[in-house]
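Report on the following structure.
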Amino acid sequence: MKFASIYSLLSVFLLIGSYSFAQESPSENKCHYSKSRNTRRVTDANPAEDNYDIKYLKFNLNMTNTSITISGDVTTKAMVVAASFSAYVFELDSSLTIDSVLIDGVSSAISNTGNVHTVTLPVLLHADSMFAAQVFYHGTPVVSGSIFGGIGGINNVVSPSWGTRVTFTQSESYHASEWWPCKQSLHDKIDSMDMWITVADSLKAGSNGLLKAVTRLDPSHVRYEWKERYPIDYYLISASVAPYIDYSYYMHFTGSHDSMLVQNYVYPNPSTLPYFKSIIDSTGMMIDYFSTLFSRYPFWTEKYGHCMAPLGGGMEHQTMTTLGFFQSTIVAHELGHQWFGDNATCGTWADIFMNEGFASYTEYLYLDHFNSHTLAINDIRTQQDTVMAKDTGSIYAYDTVSENRIFDSRLSYDKGSCFLHMLRFVISNDSEFFYLFKSYQQEKKNKTGTIGDFKTSAISIFGMTVNGISFDTFFNQWAYQQGFPKYTVSWNQKGSDVYVKLDQKTSAPSSVPWFTLPMEIKLHSATGDTIVRVLNDQPSQIFHFTWSKTMASLVTDPNYWLVYKLNGVQHDTTLSNVSVPLLTENVITILPNPATTSWTVRNLPDNSSLGLKDISGRMLWQGNNEQNVVTMIPADKLPNGCYFLSVTSKITGITTYKLMKQ
């Protein structure tokens, strides 16, 4: 979910003129809605809900675009995972009336405690048994949202911008029970579902998956029949009803004959589609580009698209985002969620970064590819500044009772995005960085994952460290702990010897006394500049290297990779004759890679040790380099595949390289 920037909205307002954005305006949070109340639970409402695993859902609903009144039935087909199973427990808001419940076609007794309903089964079931629970219900729910006119699980709002009245749902994070009988468990992805919605024939009903039929039921009503055959989490199920027009087209994947439907339900106002058409048309290009970075769009045999609804942003409902208006970075953000959030869903709400941090970084990737690197850098710098607006706060959301904390813009979104940007810098190889994304997508396809799972994926690819930095340290300091470094920098040059001193304090020293980070330092002279990269792993550290030009000043982090504050840079003439190792500008090279018979390693630091491991971590070869700058690593007897070379020296620490044998 994503809120738009005020600047984007203002530009749209000025162009449209007479339309108002009272409803589609953003709040300070980037999530859809700023929640003013706390939830009262962090997992399933009742532990008995974990006694079954949902395999299939069938919605058969009656809806209109004039109110949030809803009626119909929902069938849940599930498998028993407990040793014995005597009661079906589910959630549905108490403001809705349950007419009856059938278990395998037999009417069953039901009791309730608040929103939790318990149905006594006609017969006792055992592990691996299948059952079908059909709940018939109706009513006008009392929505729990606190902003934008009370937006909650189901809403009925007129767009002040375009004049269209819409009924739409929004279940994240704890609001599915406000409109359908459900189990709100992130871990129990529904294997497949059908969404049937009966509406007046002047309306359209949008949902997940593919539209398989529009069946006429009587002279004035039709039924939209959507079929979702990819696993889906409860909060990603959606329904939107309005007098939409359908603007659809097919996009094509580069290097393939495959194509995919891009389906958009747009307001019928004659000005709406022409105004947004260019951005809608660009969605296909975004899908194609992100498919090269993350792996192919995960639901490509169905579709991707949008249903417009009066929001100040978007919500990433699987295969069909609910969107307030088309603005390029919002479209990119919600599209990014189809990989990170929908295909691979956060394992707990504390791990919401796995949804929102990745989607926010997708905005940066969009700007960098489709607009300009300058715009992308401005975007990440804004995020970095936002993160440092306060000294504390972690990416990991320890408080999952408060939805305000779960969807905290500064932490879950901006700090999450900056975390990935820094991780990209730490890995310092884009092909390997995005290979990590693809690997994680494959590993967690149709599943859920945590920040810890993502770290494990990184370790499985790179080993415990990459470029001298431990993944345990990096993830602990930046994902689970708080704060950021604050640097005071001093430098001096004596002849061709350059000394740079980094003194680091942190914004939250009780959480992280000092951060371990790579740092680029740009040395400036009247006749040219150079950039050196150092590993800062101490609170006070001096680096020594040679440079033949006369140094005038320096700039830290010239390419804006890091979250840090610079307290000052000073020329300190006393900083010289310091006994620290000389950092050479030579870079370790390994060729060929992939190799068939051997790898040649050049520019190794003196007195370095090497170890070659397979993907399971088993040591296959070890060697030492005393003064020679070339080392040969045999590969002829190794099976084809991926290997990891660790290089350990006093100068660089431990650095890991990925090698390929073919």
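The values are calculated or read from the model by the stated rules, or taken from the named source; none is laboratory data. All of these numbers come straight from a predicted model, not from anything done at the bench. Note that we place each Cβ from the backbone using ideal geometry, even for glycine, and neighbour counts take in every protein chain shown.
Of the numbered criteria (1) closer than 30 Å to Leu375 by Cα; (2) among the β-branched types (Val, Ile, Thr); (3) more than 35 Å from the chain's Cα centre (by Cα), the one Ile531 fails is (3). Among the candidates Ser159, Ser177, Ser171, Ser202, the residue that is surrounded by 22 or more Cβ atoms within 10 Å (Cβ to Cβ), over 30 Å from Pro47 (Cβ atoms), among the hydroxyl-bearing types (Ser, Thr, Tyr) and assigned by TED's automatic domain parsing to the domain that holds Phe90 is uniquely Ser159. The set of residues from region 341-399 being free of Cβ contacts under 8 Å to residues at least 24 places away in the same chain and either in the same structural domain as Phe299 (by TED's automatic domain parsing) or part of a loop (DSSP other than H, G, I, E, B) (or both) comprises Ser372, Ala389, Lys390, Asp399. Being closer than 28 Å to Ser553 by Cα, touching a residue at least 24 places away in the same chain (Cβ under 8 Å), in contact with a Leu (Cβ under 9 Å, 6 or more places away or on another chain) and assigned by TED's automatic domain parsing to the domain that holds Met519 holds for only one residue in Val498, Val426, and it is Val498. Evaluation of Ser259 against the conditions (1) touching a helix residue (DSSP H, G or I) at 6+ places or on another chain (Cβ under 8 Å); (2) modelled with pLDDT of 95 or more shows that the sole unmet condition is (1). Condition first: in contact with a Ser or Thr (Cβ under 9 Å, 6 or more places away or on another chain) and closer than 19 Å to Asn476 by Cα. Can you find one or more residues in region 358-365 that meet it? Yes - at least one qualifying residue is present in region 358-365.
Given the conditions (1) surrounded by fewer than 22 Cβ atoms within 10 Å (Cβ to Cβ); (2) out of contact with any Leu (no Cβ under 8 Å at 6 or more places or on another chain), report the number of the one that Tyr275 does not fulfil. Answer for Tyr275: the failing condition is (2).
Picking from residues in region 400-443 that are part of a loop (DSSP other than H, G, I, E, B) and crowded, with 22+ Cβ neighbours inside 10 Å, the one that is nearest to the chain's Cα centre (by Cα) is Phe407.
For region 584-603, which positions are at pLDDT below 65 and not aliphatic (A, V, I, L, M)? Thr584, Glu585, Asn586, listed by residue number. All conditions but one from (1) outside any helix (DSSP H, G or I); (2) more than 23 Å from Tyr230 (Cβ to Cβ) apply to Ser278; the one that does not is (1).
For Val222, the test of being among the β-branched types (Val, Ile, Thr) and either surrounded by 17 or more Cβ atoms within 10 Å (Cβ to Cβ) or in contact with a Cys (Cβ under 7 Å, 6 or more places away or on another chain) (or both) is passed. When region 534-558 is filtered for residues that are within 25 Å of Ser507 (Cα to Cα) and in contact (Cβ under 8 Å) with a residue 60 or more places away in the chain, the ones remaining, listed by number, are Leu535, Asp537, Leu554, Thr556.
Given the criterion at pLDDT below 85 and surrounded by 11 or more Cβ atoms within 10 Å (Cβ to Cβ), identify the matching residue among Pro634, Pro581. Break it down into steps so the answer makes sense when it comes.
Working: Pro634 fails: at pLDDT below 85.
Answer to the check: Pro581.
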